[in-house]
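**Q** This is the structure I want to talk about, given as structure tokens.
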Amino acid sequence: MNIIKGSVAKLADRVAMDEMGFESLDLMETASEKIADYVRERYGDRRDARILVLAGVGNNGADGIAAARMLLEDGFDPEVRVAGDLHKASWEFLYQWVIFEQAIERRREQRVGDTLHARISVYHPGDRLPDCDVCIDGVFGIGLHREIKGSLKNFLEEAAKSNRGETLAIDAPSGIDTDTGSLMGVGLRADVTITFGRSKTGLLAGEGKEYSGEIIVEDIGIPDLAYDRAEELAELRRSMEM
């Protein structure tokens, strides 16, 4: 198994998009489909399964919202809670929010009389997170390398003590530095982590090993050449910092 630092994986994503012509939304759609597939396989005969998506305002959160939209279209009834400053949200996150709301409206129109609880809302300190059968963790991904503070810390602390059922992490458990495996102050333990392209060193070391649960590596189409190029760029950065 090829194992790389999370920061190198982040660089590989950029190489794939900036140098190889991959589209951000196409990669996101593929990654989100892997998350939705896992839930379908586990809960496919239980459309009443309570699904909660925890989303940050970056692309990890966008992945979570996209997976929620796919599950909604399959007849599930997911709820999304968002934490973070919406003024700092990525454009992909905002795009996924809009099309998730559009999917909710389509389902209402197509299934008149259907009791639909699917929604997306912003978390506020003091809010209680709903109980769920499966919690999809899309708060932080592989780009976290700083201590979590403020409202995001409160959000993860609330999530950690809530009745989450099974927790499925997108790319990495929130709170784990995927370069080192260190816990960045607070984190969310996963039963399963679906990580993309290659496994990350931080999922296999330190607290990362404890928080990741079962690790599943899914291919989303980023070529080996992008990872090779990312390793070269990372090495160049290290040499310039010395």
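**Q** For every other residue with a beta carbon closer than 12 angstrom to the beta carbon of Ser121, add +1 if it is Lys or Arg and -1 if Asp or Glu, then tell me the sum. If you can, show how the numbers build up before the last one.
**A** On the way: positive: Arg81, Arg119; negative: Glu79, Glu101, Asp127.
Charge balance in the 12 Å sphere: -1.
**Q** Only bridges with both residues in the stretch 3-237 count here: give the DSSP antiparallel percent, nearest 5.
**A** For the stretch 3-237, the DSSP antiparallel bridge percentage is about 5.
**Q** What is the stretch 3-237's relative contact order, in percent, from Cα pairs under 8 angstrom and six or more apart in sequence?
**A** Numbers: 487 pairs, mean separation 54.6, N = 235.
The normalised contact order for the stretch 3-237 reaches 23 percent.
**Q** Now for a separate question. For the chain, what is the calculated [θ] at 222 nm in deg cm²/dmol (nearest 500), taking -39500 (n - 2.57) for each run of four or more DSSP H residues and dividing by its residue count?
**A** Working: 7 runs with 104 residues, N = 242.
Value at 222 nm, helices only, nearest 500: -14000 deg cm²/dmol.
**Q** Using Cβ counts within 10 Å as a stand-in for footprinting exposure, how do Ser239, Ser182 rank, fewest first? Mind showing how you got there, number by number?
**A** Numbers: Ser239 8, Ser182 19.
If I rank by nearby Cβ atoms, fewest first, I get Ser239, Ser182.
**Q** Within the stretch 3-237, how many Lys pairs sit with Cα atoms under 18 Å apart, leaving out pairs fewer than 8 places apart on the same chain?
**A** Lysine pairs, 8 or more places apart or on different chains, close enough: 9.
**Q** Between 0 and 90 degrees, rounded to the nearest ten: what's the tilt of helix 6-18 against the longest Cα principal axis of the chain?
**A** Approximately 80 degrees, to the nearest ten.
**Q** Next question. How much space per residue, in cubic angstrom, does the convex hull of the C-alpha atoms of the stretch 70-117 take up?
**A** So the per-residue Cα hull volume is 76 Å³.
**Q** Ranked by Cβ crowding within 10 angstrom, fewest neighbours first, how are Asp177, Asp77, Asp228, Asp191 ordered?
**A** Working: Asp177 28, Asp77 20, Asp228 12, Asp191 16.
Fewest to most other Cβ atoms nearby, the residues stand as Asp228, Asp191, Asp77, Asp177.
**Q** Using only C-alpha positions, report the orientation-averaged shadow area of the convex hull of the stretch 3-237, nm², one decimal. Don't jump to the answer; show the numbers that get you there.
**A** Working: hull surface 49.6 nm².
With every direction weighted equally, the projected area is 12.4 nm².
**Q** Karplus couplings for the stretch 202-218 from phi (6.51 cos²θ - 1.76 cosθ + 1.60, θ = phi - 60°), rounded to Hz, Gly and Pro as x?
**A** x, 7, 10, 9, x, 5, x, 5, 6, 8, 7, x, 6, 9, 10, 9, 10
**Q** For helix 150-161, report the angle its Cα long axis makes with the longest principal axis of the Cα atoms of the chain; keep it between 0 and 90° and round to the nearest 10°.
**A** The angle comes out at about 70 degrees.
**Q** Right, here's the next one. Within 12 Å, Cβ to Cβ, of Gln102, how many net charges do the neighbouring residues add up to if Lys/Arg are +1 and Asp/Glu are -1? Walk me through the numbers on the way to the answer.
**A** Numbers: positive: Arg69, Arg106, Arg107, Arg108; negative: Glu73, Glu101, Glu105, Glu109.
Within the 12 Å Cβ shell, the charges total 0.
**Q** When DSSP assigns beta bridges and you keep just the ones with both residues in the stretch 102-242, what percent turn out antiparallel, to the nearest 5? It would help to have the intermediate numbers written out before the result.
**A** Working: 1 of 13 bridges.
Here the share of antiparallel DSSP bridges comes out near 10 percent.
**Q** Restricting to Cα pairs below 8 Å that are 6+ residues apart, what does the relative contact order work out to for the stretch 138-180? Please round to a whole percent. Display every interim value, and only then the final one.
**A** Numbers: 28 pairs, mean separation 31.5, N = 43.
Rounded, it is 73 percent for the stretch 138-180.
The numbers here are math on the coordinates, done by the rules we state, and not lab data. None of these values were measured; they are calculated from a predicted model. Using ideal geometry, Cβ is built from the backbone for each residue, glycine included, and neighbour counts are taken over all protein chains shown.
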